[in-house]
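Engineer: Below you'll find the structure I mean.
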Amino acid sequence: MSADWTPHVVVACVVERDGRFLTVEERINGASMLNQPAGHWEHGETLIDGAIRETLEETGWDVQPTHFLGLYHYDPQGLEYGFLRVAFVAEALRERPGHVLDRGIERALWMSRDELVATRERHRSPMVLRCVDDYLAGRRLPLDLIAHLNETRVAR
């Protein structure tokens, strides 16, 4: 492993409604892939604010994180960096019809666990199903496990 290896920190939300999970279909190097709403944590925002922002940008849904789900590390083959996913459980508040989704996102959809299992080969990473399974197993950690000690925040 390289001495200059730096993982990408991403924030993600697991949002469940009536047994279905908010999922994004995105185009990655020409392939149609599935993921939770997730993306890079940006400088100056809290992890929770980043998760809210990414979910809105990728799905057109306003959400409110209710719990911390966990940290997930994944080093994909063929990349010189890995990912550290900070995942939250979030409640869907409202959809914003007509919201323009991030570049590369084809659509947001609600999928059952069975549908996710059936499309596993299209998952962006093994973190997709693992996060759903941890959620279904009842993992819910308090949000205050995360402490931001900076005073800088992005207003939302």
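Bear in mind that the values in this text are calculations on the coordinates, not laboratory data. Worth saying up front: this structure is predicted, and the values here are computed from it rather than measured. Reconstructed Cβ throughout: ideal geometry from the backbone, glycine too, with neighbour counts over all protein chains shown.
Engineer: If the only charges are +1 at each Lys and Arg Cβ and -1 at each Asp and Glu Cβ, what is the size of the charge dipole of the range 18-156 around the Cα centre, to the nearest 20 debye?
Structural biologist: 180
Engineer: If you work out percent of Cα pairs over 22 Å apart from the coordinates, which of (1) 39; (2) 43; (3) 35 do you get?
Structural biologist: Computed from the coordinates, percent of Cα pairs over 22 Å apart corresponds to (1).
Engineer: Same structure again: For the range 1-146, give me the percentage of DSSP beta bridges that are antiparallel, rounded to the nearest 5 percent.
Structural biologist: Just about 75 percent of them are antiparallel.
Engineer: Cut-off 10 angstrom, C-alpha nodes, Gaussian network model of the chain. Which of ALA31, ALA51, ALA108 fluctuates the most?
Structural biologist: Maximum among the listed residues: ALA31.
Engineer: Mind listing the phi-derived Karplus ³J(HN,Hα) values for the range 79-90, rounded to whole Hz, using 6.51, -1.76 and 1.60 with θ = phi - 60°, and x for any glycine or proline?
Structural biologist: After applying 6.51 cos²θ - 1.76 cosθ + 1.60, I find 10, 8, 9, x, 10, 10, 9, 9, 10, 10, 8, 9 Hz.
Engineer: Go through the range 62-67 residue by residue and turn each phi into a ³J(HN,Hα) via Karplus (6.51, -1.76, 1.60, θ = phi - 60°); whole Hz please, and just put x for glycine and proline.
Structural biologist: So the Karplus estimates, Gly and Pro as x, are 7, 10, 10, x, 10, 8 Hz.
Engineer: Can I ask one more? When only DSSP loop residues count, what GluC sites (Glu not before Pro) in the range 58-156 have their Cβ near at most 12 other Cβ atoms within 10 Å?
Structural biologist: When the GluC sites (Glu not before Pro) of the range 58-156 are filtered for loop state and at most 12 Cβ neighbours within 10 Å, GLU80, GLU151 remain.
Engineer: Among the trypsin sites (Lys or Arg not before Pro) within the range 17-115, which fall in a DSSP loop and have no more than 11 other Cβ atoms within 10 Å of their own Cβ?
Structural biologist: ARG103
Engineer: Another one. Short version: ³J(HN,Hα) in whole Hz for each residue of the range 135-146, in order, from phi by Karplus 6.51 cos²θ - 1.76 cosθ + 1.60 (θ = phi - 60°), x for Gly and Pro, what are they?
Structural biologist: Per residue, the Karplus-derived 3J(HN,Hα) values read 4, 5, 6, x, 5, 8, 10, x, 4, 6, 5, 9 Hz.
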